[in-house]
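Working notes for the structure below.
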Protein chains: 2
Amino acid sequence: MTSHTVLNGVDAYREELIASGLLIPTGVPGVYGRSGLFEGVIEHFEALVTRAGRAEHPERVCFPPIIPRRDFETSEYLKSFPQLAGSVHSFNGTERDHIRLLNQLEKGEDWTRGLPSTEVTLTPAACYPIYPQLRGTLPPDGKLIDMQSYVFRHEPSPDPCRMQMFRQREYVRIGTPDAVRRHRDLWLERGLDILKRLELPAQAVIANDPFFGRAGQMLANNQREQSLKFELVIPIGSADAPTACISCNYHQDHFGHLFGIRTVDGADAHTACIGFGLERIALALFRHHGLDPDRWSSGVRDTLDL
Amino acid sequence: MTSHTVLNGVDAYREELIASGLLIPTGVPGVYGRSGLFEGVIEHFEALVTRAGRAEHPERVCFPPIIPRRDFETSEYLKSFPQLAGSVHSFNGTERDHIRLLNQLEKGEDWTRGLPSTEVTLTPAACYPIYPQLRGTLPPDGKLIDMQSYVFRHEPSPDPCRMQMFRQREYVRIGTPDAVRRHRDLWLERGLDILKRLELPAQAVIANDPFFGRAGQMLANNQREQSLKFELVIPIGSADAPTACISCNYHQDHFGHLFGIRTVDGADAHTACIGFGLERIALALFRHHGLDPDRWSSGVRDTLDL
């Protein structure tokens, strides 16, 4: 009798990343540390994205990876993705309560049950913090914002491409439907061009968000029928189910309506964002070009200014 | 009758930062966005810290701002600082539960009460994720780790220097008591030197952590008596209560013991970290040199390579 383990692509790649030190497992699925080498690739990729977007003079803003609970509620994220949300809770009891908490902890009981929620939740997508800031009437040309943030998705997975907390770099356009669609289409092309220069086998596909429940299926179908979401996908863990590395989203007037953002003609503003999944891009590069960036092709190295 | 508002230092500075666009308020105390100008200063300061630490060849690792709940529990953070911790909770119910949640949300009721905790908490200090990784016996020279992370502290405050989520850059030394104390002392001097070259009026003071409750007062006294914590403080909001911008902490064998980290002679490893409060350093620079980095002195600009 022979005994062996058959690793599928995802598992084999994860083990390779861990053995090389690029990913550092923590014992919780989807929560990894990364080496300096991994982070360096992300930094060079971000610089490339900055160069690609410079001509339009985006305004850079940066938020911590938490947002006010009130804004989170207003966004209707809980309607569509309750299963992915992260709510931040904290202890605000007395010294007596503290002793009880420590007793629970020592007995291995759940010490978290009584913790009240704080005024914040984890940021679900890098662009979320900007919409509450734009309440009112936009300038005539609208806005173009450059953002980067860690985001949280509660979806523990063995796939190293599906982390619970990861970084998105986004260019967010807020304005008229025309301006916003042009932004989305422009970056769909630019995203493909960037991935081509990085010699990654990318493909643009119509996609949908992981809406919750049966009602969510309708929202997903609608999103696909209207081609509101494109993903640039690259095979990483598996050839059959390539991984979305760049996401081009047209939200129509969803955020403009909820947050009271208007164009100069008084209409609800439309919004679109292009989002780069930074860890996934790095994972795609290591997958297709090998674990040592010194040995990547001169084309890829030049593109990344390595 | 005259009517005027007397702003104290903290309030006046916050208003100035907001008016200039450097800080973007979110409506929740201690949660701010920052402009690209603010972020640029932090990036240049971090590069300076990297140059200052290069000679010792630290190993760079990077974790997302969450840590496994199990490690958080092992760290005994809850014994000392329960009031500051951030526990991440998530929805894992059925479609029926989801409808109930949305109903609560619509009625303005607390929808967060039933949410179970996830396997993660927010990172309380940038160095926390590394200790569980070092379980076992260290190499003969121990370890020197370069880390940066957002950290969470639940302490809503009007003081812009006291954010709920902010970034720490840390050099963490793990090894023998001697090696670890040398690291702490070296960086105490280096930290002062960096701040001097940045023309900031810094002072080293013995300090203590904000331990919870009456029992915590004893821990704080003990920490001070043994001079385990030094802070490099700079007046920012107020001259009377200067702000800790760099923190030099000697943990003795606290983490080594809890996480089973041993030196080659079999003893519990000692640890020390030097932590740079990145937002606070930027706030100190803007406070002392003005809100426009183009007009900072050539000495400061050269030091930051601006």
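The values are calculated or read from the model by the stated rules, or taken from the named source; none is laboratory data. All of these numbers come straight from a predicted model, not from anything done at the bench. Virtual Cβ from ideal backbone geometry, glycine too; neighbours counted across all protein chains shown. The area values use the complete protein model at the heavy-atom level, side chains included, leaving out ligands, DNA and RNA. Shrake-Rupley method; radii C 1.70, N 1.55, O 1.52, S 1.80 Å.
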Within segment A:28-49, count every residue that is open to solvent by 10 Å² or more (accessible area, probe 1.4 Å) and over 20 Å from B:Ile145 (Cα atoms). 5
Among the residues of segment B:34-74, how many are under 17 Å from B:Ala284 (Cα atoms), under 18 Å from the mean Cα position of the chain (by Cα) and not in a helix (DSSP H, G or I)? 1
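Okay, residues lined up against (1) facing chain B (nearest Cβ under 7 Å); (2) open to solvent by 40 Å² or more (accessible area, probe 1.4 Å):
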| residue | (1), (2) |
| --- | --- |
| A:Arg51 | no, yes |
| A:Pro82 | yes, no |
| A:Thr118 | yes, no |
| A:Thr121 | no, no |
| A:Tyr131 | no, no |
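Residues are listed down the side, and each one gets a yes or a no for (1) under 14 Å from B:Ser247 (Cβ atoms); (2) part of a loop (DSSP other than H, G, I, E, B):
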| position | (1), (2) |
| --- | --- |
| B:Pro132 | no, no |
| B:Met147 | yes, no |
| B:Tyr150 | no, no |
| B:His154 | no, yes |
| B:Pro160 | no, yes |
| B:Gln168 | yes, no |
| B:Val172 | yes, no |
Within segment B:247-262, of all residues that are touching a Ser or Thr at 6+ places or on another chain (Cβ under 9 Å) and in a strand (DSSP E or B), the one surrounded by the most Cβ atoms within 10 Å (Cβ to Cβ) is B:Ile261
Taking A:Thr112 as the residue in question, decide whether it is open to solvent by less than 10 Å² (accessible area, probe 1.4 Å), among the hydroxyl-bearing types (Ser, Thr, Tyr) and either at the interface with chain B (Cβ under 10 Å from one of its Cβ atoms) or more than 20 Å from A:Leu278 (Cα to Cα) (or both). yes
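Table: residues versus (1) modelled with pLDDT under 95; (2) touching a strand residue (DSSP E or B) at 6+ places or on another chain (Cβ under 6 Å); (3) in a helix (DSSP H, G or I).
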| position | (1), (2), (3) |
| --- | --- |
| A:Ser238 | yes, no, no |
| A:Gly275 | no, yes, no |
| A:Val300 | no, no, yes |
| A:Asp305 | no, no, no |
Near pairs, Cβ below 8 angstrom, 6+ apart or cross-chain, from segment B:129-154 (under 15 Å from B:Glu56 (Cα atoms)) to any residue that is among the hydroxyl-bearing types (Ser, Thr, Tyr) and surrounded by fewer than 18 Cβ atoms within 10 Å (Cβ to Cβ): B:Asp146/B:Thr50
Selection from segment A:211-246 of residues that are touching a Ser or Thr at 6+ places or on another chain (Cβ under 9 Å) and surrounded by fewer than 18 Cβ atoms within 10 Å (Cβ to Cβ): A:Gly213, A:Leu219
Conditions (1) at positive phi; (2) open to solvent by 50 Å² or more (accessible area, probe 1.4 Å); number of the one not met by B:Gly142: (2)
